[in-house]
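Have a look at the structure below, then the notes.
Please treat every number below as a calculation from the coordinates, not as lab data. Just so it is clear, the structure is predicted and the values come from calculations on it, not from any experiment. Note that we place each Cβ from the backbone using ideal geometry, even for glycine, and neighbour counts take in every protein chain shown.
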Amino acid sequence: MRDYLWHLEVDPSVCLISPYPLKLEYQTFDRYGPNGTATHIPTLGILKADGAVVYADVVSEAMLKEQWYRERRRAQLEAAYADQFGASYSIITELALHIQPRMDNVRRLWRDNRTRDPQAMSAVRRVVDGHSAEATTIGHIVDQANYGDREAAVASVLQLAISGEVQIDLGTPISENTVVTFATADCFDGEG
């Protein structure tokens, strides 16, 4: 669960995370048709910046194998959340969360988001605000910021990525060579 929360906390498209958000009552079916109702309370509710809502259960692969009925009910839950709330539903396991290098990148973003240096952020923000829309690298931004503490400047760039002001690729290990692209007016609304 902690690892999934780390992913959500550094995702600029996530506005709100709610534990055990609601109780869903839904129709159950067997091969002969409707056979009753069941209730379900998801582990998390996630509100995205675009208004989309995702309900998710976070379980281990071992628990998913032991509780075989979860997979069988997945389609019914997906349909019920879509019909009743216009939302999506998913089951998240450690296999989806621990993909490398994404997990190491999420850990780094999470760690660097707790390191605050207002002077470094000001220096980095001046560079980002004055930069053209062309892609660049973290190292290039840090070089232009010309701030004495290079690690604090890198952390500031990563904090801007968490807020959605710039984008970085989490599919490759974060380094000073990581490509930075800039948010456009239609994909950044200033919240998150």
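I need to check one value: relative contact order of region 102-182, counting alpha carbon pairs closer than 8 Å and at least 6 residues apart, in percent.
After rounding, I find 41 percent.
Taking the highest mean first, how do the peptides 67-73, 136-142, 50-56 order by number of other beta carbon atoms within 10 angstrom per residue?
Going by the mean number of other Cβ atoms within 10 Å, highest first, we get 136-142, 50-56, 67-73.
Would you mind ranking 112, 30 by Cβ crowding within 10 Å, fewest neighbours first?
Starting with the residue having the fewest Cβ neighbours, the order is 30, 112.
Which whole-number percent gives the relative contact order of the chain, counting Cα pairs below 8 Å spaced six or more residues apart?
20 percent
Please arrange 94, 165 by how many other C-beta atoms lie within 10 Å of their C-beta, fewest to most.
Going from least to most buried by this count: 94, 165.
Measuring from label point to label point, each 7 Å out along Cα→Cβ, what is the residue 131 to residue 25 span in nm?
5.3 nm
Please give the helix 102-113 orientation as an angle from the longest Cα principal axis of the chain, in degrees from 0 to 90, rounded to the nearest 10.
The angle comes out at about 60 degrees.
Please report the relative contact order for region 2-97, taking Cα pairs under 8 Å with a sequence separation of at least 6, and give it as a percent rounded to a whole number.
Reported relative contact order: 25 percent.
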